[in-house]
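*Asks:* Below is a structure I'd like to ask you about.
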Amino acid sequence: MSVWKRVLPTVLLMLITGSALAAGGDVGQVQKQAVNIPAIIMFLVFVAATLGITYWAAQRTKTAKDFYAAGGGITGFQNGLAIAGDYMSAASFLGISGLVFLNGYDGLIYSVGWLVGWPIIMFLIAEQLRNLGKYTYADIVAYRFERVPMRTLAATAALIVVILYLIGQMVGAGKLIQLLFGLDYVYAVIIVGVLIVMYVTFGGMLATTWVQIIKAGLLLTGATVIAFGALYLASDGSMSPEKMFQNAIAKHPKGEAIMGPGTLVTSPIEAISLGLALMFGTAGLPHILMRFFTVGNAIEARKSVFYATGWIGYFYILTFLMGFGAIVLLTGNPEFADAAATGGIRGGQNMAAVNLAAAVGGNLLLGFISAVAFATILAVVSGLTLAGASAISHDLYANVFAHGNVDEQQEVRVSKIATIVLGIIAILLGIAFEKQNVAYLVALTFSVAASANFPILLMSIYYGKMTTRGALIGGWLGLISASVLVFVGPTVWTQILGMGDPIFPLKFPALVSMTIAFLGIWIGSATDNSERAKKEHEAFIAQDVRCQTGIGAEGASSH
Amino acid sequence: MQDDLVHKIKSNPKYHELVSKRNSFKWIMAVIMLVVYYAFILTIAFDKEFMAQPLSAGSVTTIGIPLGIAVIVFAFVLTGIYIQRANAVFDRLNREIKEEVL
């Protein structure tokens with residue numbers, strides 16, 4: 001605990017001097033806003049509370065199981081909130097309401113796609129993950145296959161997804177802080193990095209989970225107040241969505257077009273591919289998958305998805321209301337105008353929800369929602385960092401380099417070092433990717449997750465004839481094809497790099513890259529006649545029995 | 001897991017009942033979700049006008065809005081149905097298998 005005592009005052013000092021710097025005033029930046037005192041106070045309260053939780057969790061985090069899986073003692077309800085918290089990231093909170101604000105109906109198409117992945121997770125992988133795995137989804141992927149190459153594949157795919165996802169979150173953090181706290185971008189991003197490293201290294205999964213649960217509660221409360229407050233104001237006090245839509249059409253430059261699908265889905269192929277990426281991408285997100293190891297058994301795992309789906313669905317309906325509320329209350333309102341920014345509002349489209357909070361509840365609600373949005377970034381980045389650190393320590397270090405011969409304490413130590421490294425990477429990425437649209441970045445992540453992680457995970461659970469060779473061929477092909485096709489597609493090649501017409505026409509390559517992955521697994525396995533392949537076929541019988549019954553599952557001995 | 005235990009479970013008729021009931025149920029549920037979702041998104045792709053038409057004469061609310069929200073609610077309801085059946089049927093069978101073989 002001596003390290004703790006040294007680090008804590010430093011961070012508090014940083015936070016206080018950070019706020020003081022901010023209070024010192026604007027150093028000539030146009031977009032930076034006046035200091036929001038309620039926001040800073042509420043944020044400091046949140047940080048103090050979460051550091052308290054981290055201290056509490058640190059004393060309960062002794063074994064590797066504590067560190068990676070919160071000791072397996074999280075209930076289904078708690079885990080459901082934590083999963084919802086992971087999913088209700090700043091990118092989806094700010095990004096989806098911003099998309100609705102900018103394009104109307106199209107924002108809802110994203111929400112629906114992101115939600116329908118959850119029942120699939122419940123039916124096909126939640127209980128199976130819990131019954132077969134220990135700390136990371138790579139445990140399942142490597143269950144009956146050759147350890148070193150499979151872990152390397154799974155950990156690489158996990159790290160790529162984590163880092164892509166991190167970019168979106170850090171960009172959200174930067175924009176938000178610049179707008180709300182009047183704090184210098186670099187300082188703010190460093191504070192995020194330092195805090196998440198503290199949560200994760202000291203408190204492990206237990207602290208990460210509770211930070212996520214608290215934040216989920218705050219975010220759901222805040223979003224409820226803003227959404228219904230906005231509905232009230234935007235419908236001239238009638239609380240009728242119809243009235244709000246009428247007012248929105250009158251104000252929005254696109255007029256009636258915002259009430260129906262716009263340019264997001266252009267062709268059937270694009271629609272199918274987008275749907276696959278959104279739906280199955282969720283089932284390939286390492287920071288979501290690892291939450292299924294924190295509950296006691298398959299029944300709790302299944303329950304977590306039920307609660308998570310309910311909260312997330314409710315939240316998406318709120319973001320839809322918020323987007324339309326923002327159209328009515330912010331468009332043409334001189335208080336929030338900024339002709340230079342996207343959508344003509346202060347901070348651009350991604351700040352629609354935050355500006356809306358001010359329009360609905362004044363400075364106090366703005367302060368609350370700013371603090372919550374910042375807290376959201378902290379919580380989600382912590383979960384991502386822990387997932388990345390687990391891939392490095394549990395998969396790459398313990399199982400690939402040390403071949404499983406490693407002392408538990410040493411593994412946890414490596415995980416903590418990995419956390420610090422990832423914290424630094426997150427800070428650097430946050431600075432590098434400042435100007436991108438966060439919602440699209442998250443969508444890209446989903447293509448990779450759906451094509452690399454999801455196929456090998458699903459097939460290792462259900463395809464008895466899969467072999468190491470098939471899994472490696474399919475997994476790597478999925479990862480490489482998704483990454484390359486995203487790179488040469490419309491979003492990166494044309495919009496970000498400005499290289500002219502895209503080489504590959506689809507924004508979401510999942511239709512092609514998932515097909516490549518599944519075909520690779522199938523052909524690679526079916527043509528594998530090695531001795532090892534025969535052993536792997538036989539090993540499936542025992543794996544399936546454990547998967548179906550939970551007999552022999554980690555931490556299930558209390559039965 | 002030891003081979004003899006695996007063999008014992010595999011030869012238990014209740015295990016086969018559990019596996020066949022649960023497998024068919026969960027794949028059917030997954031397919032229902034896929035069909036409903038793809039019906040939604042392909043309607044958007046093929047017939048934007050259908051989604052953009054007013055819910056009733058004189059209203060600006062389009063058919064697409066309640067449909068989108070209905071898909072969200074439907075997804076949640078499906079998870080509830082799965083839980084119901086899992087609690088009532090699968091868990092009972094699983095418990096009985098464990099009692100018999102362990």
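The values are calculated or read from the model by the stated rules, or taken from the named source; none is laboratory data. The model shown is predicted, which means the values in this text are computed figures rather than measured ones. FYI the Cβ positions are ideal-geometry reconstructions off the backbone, even for glycines, and counts take in every protein chain you see. Side chains are part of the model used for accessible areas, which takes the heavy atoms of the whole protein and leaves out ligands, DNA and RNA. Shrake-Rupley method; radii C 1.70, N 1.55, O 1.52, S 1.80 Å.
*Asks:* For segment A:461-500, what are the residues that are more than 24 Å from the chain's Cα centre (by Cα), buried (at least 21 other Cβ atoms within 10 Å of the Cβ), assigned to a loop (DSSP other than H, G, I, E, B) and of a type outside the set (S, T, N, Q)?
*Replies:* The one that is more than 24 Å from the chain's Cα centre (by Cα), buried (at least 21 other Cβ atoms within 10 Å of the Cβ), assigned to a loop (DSSP other than H, G, I, E, B) and of a type outside the set (S, T, N, Q): A:Met466.
*Asks:* Looking at A:Thr75, A:Thr50, A:Thr10, A:Thr63, which is the one that is among the β-branched types (Val, Ile, Thr) and at pLDDT below 80?
*Replies:* Exactly one of A:Thr75, A:Thr50, A:Thr10, A:Thr63 is among the β-branched types (Val, Ile, Thr) and at pLDDT below 80, namely A:Thr10.
*Asks:* Among the residues of segment A:315-351 satisfying the criterion of being more than 17 Å from A:Leu99 (Cβ to Cβ) and surrounded by fewer than 19 Cβ atoms within 10 Å (Cβ to Cβ), which is nearest to the other protein chains (Cβ to nearest Cβ)?
*Replies:* Going through the qualifying residues, I end up with A:Gly332.
*Asks:* Taking the options A:Gly362, A:Gly383, A:Gly388, name whichever one is assigned to a helix (DSSP H, G or I) and at positive phi.
*Replies:* The unique qualifying residue is A:Gly362.
*Asks:* Quick one: which of A:Ile503, A:Ile521 is under 20 Å from A:Thr467 (Cβ atoms) and either assigned to a helix (DSSP H, G or I) or more than 14 Å from every other protein chain (Cβ to nearest Cβ) (or both)?
*Replies:* After applying the criteria, what remains is A:Ile521.
*Asks:* A further question follows. Restricting attention to helices (runs of 4 or more DSSP H) lying wholly within segment A:69-176, give those where 3 or more residues are surrounded by fewer than 24 Cβ atoms within 10 Å (Cβ to Cβ) and more than 15 Å from the chain's Cα centre (by Cα).
*Replies:* Per the criteria, A:76-87.
*Asks:* A follow-up question, please. Under the condition of being of a type outside the set (A, V, I, L, M) and modelled with pLDDT under 75, which residue from segment A:424-458 is farthest from A:Leu176 (Cα to Cα)? I'd like the intermediate steps shown before the answer.
*Replies:* Initial filter on segment A:424-458 (of a type outside the set (A, V, I, L, M)): A:430, A:433-437, A:440, A:445-447, A:451, A:453-455.
Right, trim to modelled with pLDDT under 75 and you get A:434-437, A:440.
Details: A:Glu434: 11, A:Lys435: 13, A:Gln436: 14, A:Asn437: 13, A:Tyr440: 17 Å.
Selected residue: A:Tyr440.
*Asks:* Same structure, new question: Of the numbered conditions (1) surrounded by fewer than 15 Cβ atoms within 10 Å (Cβ to Cβ); (2) in contact (Cβ under 8 Å) with a residue 12 or more places away in the chain; (3) not acidic (Asp, Glu), B:Val36 satisfies every one except a single condition; which is it?
*Replies:* Only one criterion is unmet by B:Val36, namely (1).
*Asks:* A further question on this structure: With the requirement that a residue be open to solvent by 10 Å² or more (accessible area, probe 1.4 Å) and closer than 22 Å to A:Ala82 by Cβ, what does segment A:393-408 give you?
*Replies:* A:His394
*Asks:* Would you say A:Gln548 is farther than 14 Å from A:Ser460 by Cβ, polar (S, T, N, Q), within 14 Å of chain B (Cβ to nearest Cβ) and part of a helix (DSSP H, G or I)?
*Replies:* When the stated conditions are applied, A:Gln548 passes them.
*Asks:* Quick check on my filter: what residues within segment A:252-269 are at the interface with chain B (Cβ under 7 Å from one of its Cβ atoms), part of a helix (DSSP H, G or I) and within 28 Å of A:Val486 (Cβ to Cβ)?
*Replies:* Of everything in segment A:252-269, just one residue is at the interface with chain B (Cβ under 7 Å from one of its Cβ atoms), part of a helix (DSSP H, G or I) and within 28 Å of A:Val486 (Cβ to Cβ), namely A:Pro268.
*Asks:* Taking segment B:91-101 only, how many residues are open to solvent by 30 Å² or more (accessible area, probe 1.4 Å) and more than 7 Å from chain A (Cβ to nearest Cβ)?
*Replies:* Residues meeting the conditions: 5.
*Asks:* Sticking with this one: With touching a helix residue (DSSP H, G or I) at 6+ places or on another chain (Cβ under 7 Å), modelled with pLDDT of 90 or more and either assigned to a helix (DSSP H, G or I) or open to solvent by less than 10 Å² (accessible area, probe 1.4 Å) (or both) as the only criterion, which of A:Ile249, A:Ile190, A:Ile272 stands out?
*Replies:* Going through A:Ile249, A:Ile190, A:Ile272 in turn, just one is touching a helix residue (DSSP H, G or I) at 6+ places or on another chain (Cβ under 7 Å), modelled with pLDDT of 90 or more and either assigned to a helix (DSSP H, G or I) or open to solvent by less than 10 Å² (accessible area, probe 1.4 Å) (or both): A:Ile249.
*Asks:* Filter segment B:40-90 down to the residues that are open to solvent by less than 50 Å² (accessible area, probe 1.4 Å), within 16 Å of the chain's Cα centre (by Cα) and facing chain A (nearest Cβ under 7 Å) and list them by number.
*Replies:* B:Val71, B:Ile72, B:Ala75, B:Leu78, B:Thr79, B:Gly80, B:Tyr82, B:Ile83, B:Ala86
*Asks:* While we're on this one: Just wondering, is there one or more residues in segment A:517-524 that are open to solvent by less than 40 Å² (accessible area, probe 1.4 Å) and within 25 Å of the chain's Cα centre (by Cα)?
*Replies:* yes
*Asks:* Filter the helices (runs of 4 or more DSSP H) completely within segment B:1-85 down to those with at least 2 residues that are aromatic (Phe, Trp, Tyr) and farther than 18 Å from A:Thr549 by Cβ.
*Replies:* It comes to B:13-46, B:64-85.
*Asks:* So, of the residues in segment A:391-420 that are among the acidic types (Asp, Glu) and in a helix (DSSP H, G or I), which turns out to be modelled with the lowest pLDDT?
*Replies:* Checking each candidate, the answer is A:Glu408.
Condition check ((1) at pLDDT 90 or above; (2) of a type in the set (A, V, I, L, M)) across all residues:
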residue: B:Met51; (1), (2): yes, yes
residue: B:Gly58; (1), (2): no, no
residue: B:Ile72; (1), (2): yes, yes
residue: B:Val89; (1), (2): yes, yes
residue: B:Glu96; (1), (2): yes, no
